[in-house]
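The values are calculated or read from the model by the stated rules, or taken from the named source; none is laboratory data. Because the structure is predicted, anything quoted here is derived from the model rather than measured. Note that each Cβ is placed from the backbone with ideal geometry, even for glycine, and that neighbours are counted across all protein chains shown.
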Amino acid sequence: MSNISSVVVRCNPKKLDEVKKRVEDANVCDIHIVDEKGYIIVTIEGEGISEEIKKLKIIQELPGVISADMVYSYSEEELEMARAEFEKTEPVPEILNNDNIKAEDIVYNGDLKKKII
């Protein structure tokens with residue numbers, strides 16, 4: 001299964017071009033955003049979390065990198081588990097599919113199963 005994670009790389013804004021070049025040359029991630037304040041947003045991919053961590057450490061150890069932190073991680077395995085759970089849930093309550101009911105007549109009490117008209 002494949003993983004993908006976003007990483008925020010922080011560097012001195014005066015060294016941004018140098019650090020960006022080092023990140024590109026490391027060939028362990030894809031750069032998506034470069035901010036003049038010294039932030040570089042990248043994604044790393046791996047067959048598992050251990051491969052992603054290895055790539056993250058490479059980025060963290062590049063000269064000029066102040067910090068590189070994983071912000072979000074996605075795993076195909078997690079997606080499949082979430083899909084399985086979603087399949088178990090009830091469909092959208094009929095009240096929400098009824099075009100004859102006005103939205104202002106629906107009272108939400110924190111649980112759609114406890115709907116009141």
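Worth pointing out:
- Across region 1-13, the number of residues qualifying as small (Gly, Ala, Ser) and either assigned to a strand (DSSP E or B) or at pLDDT 95 or above (or both) comes to 2.
- Region 93-110 residues that are without any contact (Cβ under 8 Å) to a residue 60 or more places away in the chain, paired with ones that are surrounded by 10 or more Cβ atoms within 10 Å (Cβ to Cβ) (beta carbon under 6 Å, 6 or more apart): Pro93/Leu112; Ile95/Lys115
- Leading residue by the ranking (nearest to Lys55 (Cα to Cα)) among those in region 1-13 that are surrounded by fewer than 16 Cβ atoms within 10 Å (Cβ to Cβ) and out of contact with any helix residue (DSSP H, G or I) (no Cβ under 7 Å at 6 or more places or on another chain): Ile4
- Counted residues, region 14-33 - those being touching a helix residue (DSSP H, G or I) at 6+ places or on another chain (Cβ under 6 Å) and either outside any helix (DSSP H, G or I) or more than 15 Å from Ile59 (Cα to Cα) (or both): 1
Listed here are the residues, each with its yes/no results for (1) in contact with a helix residue (DSSP H, G or I) (Cβ under 7 Å, 6 or more places away or on another chain); (2) modelled with pLDDT of 85 or more.
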residue: Glu61; (1), (2): no, yes
residue: Ser67; (1), (2): no, yes
residue: Met70; (1), (2): yes, yes
residue: Ser75; (1), (2): no, no
residue: Glu87; (1), (2): no, no
residue: Leu96; (1), (2): no, no
residue: Ala103; (1), (2): no, no
residue: Ile117; (1), (2): yes, no
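- Considered as a group, the residues in region 34-48 that are touching a helix residue (DSSP H, G or I) at 6+ places or on another chain (Cβ under 7 Å) and of a type in the set (Val, Ile, Thr) include one that is farthest from Pro63 (Cα to Cα), and that residue is Ile44.
- Residue that is farthest from Ser2 (Cα to Cα), among those in region 83-97 that are among the hydrophobic types (A, V, I, L, M, F, W, C) and surrounded by 11 or more Cβ atoms within 10 Å (Cβ to Cβ): Ile95
- Qualifying residues in region 76-107 (those that are assigned to a loop (DSSP other than H, G, I, E, B) and aliphatic (A, V, I, L, M)) - the one farthest from the chain's Cα centre (by Cα): Ile101
- Close pairs (8 angstrom Cβ cut-off, 6 or more residues apart or separate chains): on the phi < 0 side of the Ramachandran plot and surrounded by 15 or more Cβ atoms within 10 Å (Cβ to Cβ) in region 40-64, part of a helix (DSSP H, G or I) and among the acidic types (Asp, Glu) anywhere: Ile44/Glu52; Glu45/Glu52; Gly46/Glu52
- Annotation: of all residues in region 66-81 being of a type in the set (A, V, I, L, M, F, W, C) and under 15 Å from Asn3 (Cα atoms), the one that is surrounded by the most Cβ atoms within 10 Å (Cβ to Cβ) is Met70.
- Test: residue in region 51-67 that is in a strand (DSSP E or B), under 18 Å from the mean Cα position of the chain (by Cα) and of a type outside the set (A, V, I, L, M, F, W, C): no
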